[in-house]
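Here the structure is laid out as structure tokens; the discussion comes afterwards.
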Protein chains: 2
Amino acid sequence: MSILVVGSVAFDTLKTPYGERQKILGGAATYFSLSASYFTDVRVVAVVGEDFTAENEAVMTKRGIDTRGIQHAKGKTFHWTGEYGENVNEAKTLNTELNVFETFQPSIPAEYNNSDFLFLANIDPVLQTRVRDSMQKVQLVGGDTMNYWIGGHRQNLEKMLKGVDVLLINDGEAKMLAGDNSLPRAARRVMEMGPRALVIKHGEYGATIFFRDHEFGAEGHPFRAPAMPIDEVRDPTGAGDSFAGGFMGYIASQGKIDRGVLKYAMFYGGVMGSFAVERFGTERLQSLSREEIDSRFKIFRELTHLD
Amino acid sequence: MSILVVGSVAFDTLKTPYGERQKILGGAATYFSLSASYFTDVRVVAVVGEDFTAENEAVMTKRGIDTRGIQHAKGKTFHWTGEYGENVNEAKTLNTELNVFETFQPSIPAEYNNSDFLFLANIDPVLQTRVRDSMQKVQLVGGDTMNYWIGGHRQNLEKMLKGVDVLLINDGEAKMLAGDNSLPRAARRVMEMGPRALVIKHGEYGATIFFRDHEFGAEGHPFRAPAMPIDEVRDPTGAGDSFAGGFMGYIASQGKIDRGVLKYAMFYGGVMGSFAVERFGTERLQSLSREEIDSRFKIFRELTHLD
């Protein structure tokens, strides 16, 4: 099975308590693709500028990722500059240069039309809706968004949500979107807007998936996956997108989509997120082995299972 | 098996988004006792004032709790006044009247000397150490503390920690005590101070137990118990003490103390905490049935277990 991801490929300049890096490869679609590439075929639609090198692109192609959907535009690549303090759950954005990303118009190559799964990374919901509408035959659509769109682009976002099967957002975003501080109540409200399941990411505490009644053969109970206690979170950038990549990638690697598969997908999401933050940027996600992934999955199981 | 708990029995006046209550029964030892009483025999050492009624005490005796260790002193009972905003994880203390609690000198009745387990709820570490030293024959000592003692009574606290087998504190307290923002690293440092295991409570995200190497037959891996997503957290007061009561109570109800028992104890701690917050004060903890506890335990398992 194959996944098409549409989102940002970018450069990040960042500082954490463990060091700093200048213009390293980043972006939601990058983290998502690398993470998902350990499970299934991945295709990327994104835009980069003239400063995006063959070496940058090779990071993805070496993992077998199909990058034919990456448009090369005149100008510079999206460049985010940020900083993390002692609380690694909070990023402080110092500068956002959208550059070529500002006028990004996703265009799906004909070769991608047969994709089985679609992930709409965090971009303008108008573009997300357009892409989703053009991919009617996919089995499952995953999506992400952020407070910027929740606050200021509500109508467009609500349209987008109608086309998403599983939305993956964090606690604050879920509460803001629902206008409710109770997570389970917020989850139900968000699912009334469209998604059949909602994954709420709790950072270092893991993530919870809520199911709409009668969806995915689920009896309605939520399911919670842990995050792994990690000594040194060197760089939390991309943890959420790596989670989404593991989550969607695992689903795509299975022959069916039911509650059991979604539960395992939650664990694989957590596993991939835990790798992502161990080193700066995408470094750790570039050279994993299936054995490392399976062995960490085992740790996640031991961390949570009674017997 | 029996547990002796030493701590506060108090009145709480509080306001949450769901309502307010004046001078209702509260206090760490109260929540702990009620919660533990569903698993084992409980004895309480505390102090109350002249405003503490027979009806108040009956809340405990009705649950079979031995209250002979509650001293009745001249003056008023400890009275806490606080408020919770939309973020139920944060209490705002409006007033603390220590009253008779200010000069509390725990005195263990002779009938309590044969207690099998000891829980030192959050009081002055000097008193905790004195009680612990007088109870040399207990099988396991659990303890709690708070930022006030961590910040200003360090030496006394470090003495106390040497006598505690399992310390139960929250994220912020663990980081403060260790002077380290990485939870697993902080856990190791705290355990170097004495405890053989450390339970770090994450509020609505559950709790993690860390084991010192070679203790409790554990191979060192931590274990995480969830909290249950609850629609309406009416009153979060006492959640941590109810967790501790379920945790210690379950351990005391088993014939052995090993990693397997401690893992189940983490789940039962979460279960009891989840009941406590559903209603104001100790209301929900007064009239549970073993069936309700077991049925919620099942929900906790379904929430976290893959198969």
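The values are calculated or read from the model by the stated rules, or taken from the named source; none is laboratory data. None of the values given here were measured: they were computed from a predicted structure. Backbone-built Cβ (ideal geometry, glycine too); neighbour counts: all protein chains shown. Note: areas computed on protein heavy atoms with side chains; ligands, DNA, RNA excluded. Shrake-Rupley method; radii C 1.70, N 1.55, O 1.52, S 1.80 Å.
Across segment A:1-21, the number of residues qualifying as outside any strand (DSSP E or B) and surrounded by fewer than 18 Cβ atoms within 10 Å (Cβ to Cβ) comes to 3. Evaluate segment B:121-128: report whether one residue or more is within 14 Å of B:Ile3 (Cβ to Cβ) and either surrounded by fewer than 16 Cβ atoms within 10 Å (Cβ to Cβ) or touching a residue at least 12 places away in the same chain (Cβ under 8 Å) (or both). For segment B:121-128, residues within 14 Å of B:Ile3 (Cβ to Cβ) and either surrounded by fewer than 16 Cβ atoms within 10 Å (Cβ to Cβ) or touching a residue at least 12 places away in the same chain (Cβ under 8 Å) (or both): present.
For segment A:35-57, a residue qualifies if it is within 18 Å of A:Gln71 (Cα to Cα) and open to solvent by less than 10 Å² (accessible area, probe 1.4 Å), and the qualifying residues are A:Val42, A:Val44, A:Val45, A:Ala46, A:Val47, A:Val48, A:Gly49. Provide a single number: the residues in segment B:78-117 that are hydrophobic (A, V, I, L, M, F, W, C) and within 21 Å of B:Ala36 (Cα to Cα). Here the count works out to 2.
The residues in segment B:109-122 that are in contact with a Gly (Cβ under 7 Å, 6 or more places away or on another chain) and either part of a loop (DSSP other than H, G, I, E, B) or within 14 Å of chain A (Cβ to nearest Cβ) (or both) can be counted, and the count is 3. Among what's in segment B:248-264 and is outside any loop (DSSP other than H, G, I, E, B) and more than 14 Å from chain A (Cβ to nearest Cβ), pick the residue that is surrounded by the fewest Cβ atoms within 10 Å (Cβ to Cβ). Only one residue tops the list, namely B:Ser253. Restricted to segment B:164-188, and to residues there that are open to solvent by 10 Å² or more (accessible area, probe 1.4 Å) and under 17 Å from the mean Cα position of the chain (by Cα), the residue that is nearest to B:Phe211 (Cα to Cα) is B:Asp165. Tallying residues that are open to solvent by less than 30 Å² (accessible area, probe 1.4 Å) and away from chain A (no Cβ under 13 Å) within segment B:200-238 yields 4. Set side by side, the residues A:Arg279, A:Arg301, A:Arg284 differ, and just one is open to solvent by 10 Å² or more (accessible area, probe 1.4 Å), of a type in the set (Lys, Arg), within 14 Å of chain B (Cβ to nearest Cβ) and not in a strand (DSSP E or B), which is A:Arg301. Residue count for segment A:72-97 satisfying the condition of being within 14 Å of chain B (Cβ to nearest Cβ), under 19 Å from the mean Cα position of the chain (by Cα) and in contact (Cβ under 8 Å) with a residue 60 or more places away in the chain: 2.
For segment B:55-113, enumerate the residues that are of a type in the set (Gly, Ala, Ser) and at pLDDT 95 or above. Answer for segment B:55-113, where residues must be of a type in the set (Gly, Ala, Ser) and at pLDDT 95 or above: B:Ala58, B:Gly64, B:Gly69, B:Ala73, B:Gly75, B:Gly82, B:Ser107, B:Ala110. The residues in segment B:138-158 that are touching a residue at least 60 places away in the same chain (Cβ under 8 Å) and either open to solvent by 30 Å² or more (accessible area, probe 1.4 Å) or more than 20 Å from the chain's Cα centre (by Cα) (or both) can be counted, and the count is 1.
For segment A:189-199, filtered to residues that are in a helix (DSSP H, G or I) and either within 11 Å of chain B (Cβ to nearest Cβ) or not β-branched (Val, Ile, Thr) (or both), the residue that is least open to solvent (accessible area, probe 1.4 Å) is A:Met191. Evaluated against (1) more than 26 Å from A:Glu204 (Cα to Cα); (2) in contact with a helix residue (DSSP H, G or I) (Cβ under 7 Å, 6 or more places away or on another chain); (3) open to solvent by 30 Å² or more (accessible area, probe 1.4 Å), A:Gly69 falls short on exactly one condition, (3).
Note on segment A:164-184: residues that are at the interface with chain B (Cβ under 10 Å from one of its Cβ atoms) and small (Gly, Ala, Ser) amount to 1. Checking each residue in segment A:265-276 for being within 14 Å of chain B (Cβ to nearest Cβ) and either in contact with a Phe, Trp or Tyr (Cβ under 7 Å, 6 or more places away or on another chain) or over 30 Å from A:Glu20 (Cα atoms) (or both) picks out A:Ala265, A:Met266, A:Phe267, A:Tyr268, A:Gly269, A:Gly270, A:Val271.
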